[in-house]
1. Please find, among 113, 131, the residue that is aromatic (Phe, Trp, Tyr), closer than 21 Å to residue 41 by Cβ and in contact with a strand residue (DSSP E or B) (Cβ under 6 Å, 6 or more places away or on another chain).
2. Hey, can you tell me all the residues within region 86-104 that are surrounded by fewer than 19 Cβ atoms within 10 Å (Cβ to Cβ) and in contact with a strand residue (DSSP E or B) (Cβ under 9 Å, 6 or more places away or on another chain)?
3. Give region 134-150 a look and list any residue that's of a type in the set (S, T, N, Q) and farther than 25 Å from residue 40 by Cα, or say none.
4. Can you name the residue in region 57-85 that is at pLDDT below 95, outside any helix (DSSP H, G or I) and in contact with a strand residue (DSSP E or B) (Cβ under 7 Å, 6 or more places away or on another chain) and, of all such residues, is surrounded by the most Cβ atoms within 10 Å (Cβ to Cβ)?
5. Checking the structure you have, find out if any residue of region 19-34 is open to solvent by less than 40 Å² (accessible area, probe 1.4 Å), in a loop (DSSP other than H, G, I, E, B) and touching a helix residue (DSSP H, G or I) at 6+ places or on another chain (Cβ under 7 Å).
6. Report yes if some residue within region 158-178 is modelled with pLDDT of 95 or more and on the phi > 0 side of the Ramachandran plot; otherwise report no.
7. Output the number of the condition that residue 119 fails; it satisfies all remaining conditions of (1) touching a strand residue (DSSP E or B) at 6+ places or on another chain (Cβ under 7 Å); (2) more than 14 Å from residue 162 (Cα to Cα).
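The values are calculated or read from the model by the stated rules, or taken from the named source; none is laboratory data. All values reported here derive from a predicted model rather than from experimental measurement. Here Cβ is always computed from backbone atoms with ideal geometry, including for glycine, and neighbour counts include all displayed protein chains. Protein only, heavy atoms only, side chains kept; ligands, DNA and RNA dropped before computing areas. Shrake-Rupley method; radii C 1.70, N 1.55, O 1.52, S 1.80 Å.
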Amino acid sequence: MIEECTALVMAGGDSQRMGCDKTQLLLGDRTLLQRVIAIVQPMFPQVLVSVRQHRPEIALPQVCDEYPNAGPLAGLCAGLAQAGTPWIFAVASDMPFVQPALIERLAQRRSGYQAVVPVVHGHPQPLAAFYSASGLDTLRALLEAEGRRSLRAALEQLNVCYVDESDMLQSDPGLRSFFDLDTPQDVAIARRTNLPCQQKQ
């Protein structure tokens, strides 16, 4: 159990590339959202689900965006504000293969930082990352400004520990944690293999 930390499952995306609500897509006998929740529930004292609007089919506590049409940064801020714990682990609902060992590895790197973010093939992965409540004011200021409201822009404002893939291979040798399902083709691959051996390129 990762104490003093809340898991925040990000389920408020518009799923444009998928063409339908990806959180409700079945992989085996469970939806993508159910799979991610099942992974993080045993690891954290509390699990919240970030949504645009309240969804009655979700039994867990939900947090709604405080800033409309502001993307995942709004969901992250809402989660940090409502979690009541010093840290949150934000994970996208379309990452059904995220590995508990990888999450534990990232959690060990939090001391002295405001965020712990994995980097795969040179690209930060801000939706499989830890964020400290100490950065909430900074992130809210970014939302209220006229500039970029992206998670990438947010990371530029925080004290971040970037964890390279070489540091994660022992916890997740195939880096399958980062196989996110963005398109129907991704879902087809996941359904065929159930455990992809490598990240989608």
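1. 131
2. 86 - this is the single residue of region 86-104 that is surrounded by fewer than 19 Cβ atoms within 10 Å (Cβ to Cβ) and in contact with a strand residue (DSSP E or B) (Cβ under 9 Å, 6 or more places away or on another chain).
3. 138 - this is the single residue of region 134-150 that is of a type in the set (S, T, N, Q) and farther than 25 Å from residue 40 by Cα.
4. Ranking the qualifying residues of region 57-85, first place goes to 63.
5. Taking every residue of region 19-34 in turn, at least one turns out to be open to solvent by less than 40 Å² (accessible area, probe 1.4 Å), in a loop (DSSP other than H, G, I, E, B) and touching a helix residue (DSSP H, G or I) at 6+ places or on another chain (Cβ under 7 Å).
6. For region 158-178, residues modelled with pLDDT of 95 or more and on the phi > 0 side of the Ramachandran plot: absent.
7. With (1) touching a strand residue (DSSP E or B) at 6+ places or on another chain (Cβ under 7 Å); (2) more than 14 Å from residue 162 (Cα to Cα) applied to residue 119, the lone miss is (2).
Matching residues to (1) within 14 Å of residue 2 (Cα to Cα); (2) among the aliphatic types (A, V, I, L, M); (3) more than 11 Å from the chain's Cα centre (by Cα); (4) at pLDDT 95 or above:
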site: 95; (1), (2), (3), (4): no, yes, no, no
site: 98; (1), (2), (3), (4): no, yes, no, no
site: 105; (1), (2), (3), (4): yes, no, yes, yes
site: 119; (1), (2), (3), (4): no, yes, yes, yes
site: 128; (1), (2), (3), (4): no, yes, no, yes
site: 131; (1), (2), (3), (4): yes, no, no, yes
site: 134; (1), (2), (3), (4): no, no, yes, yes
site: 139; (1), (2), (3), (4): no, yes, yes, no
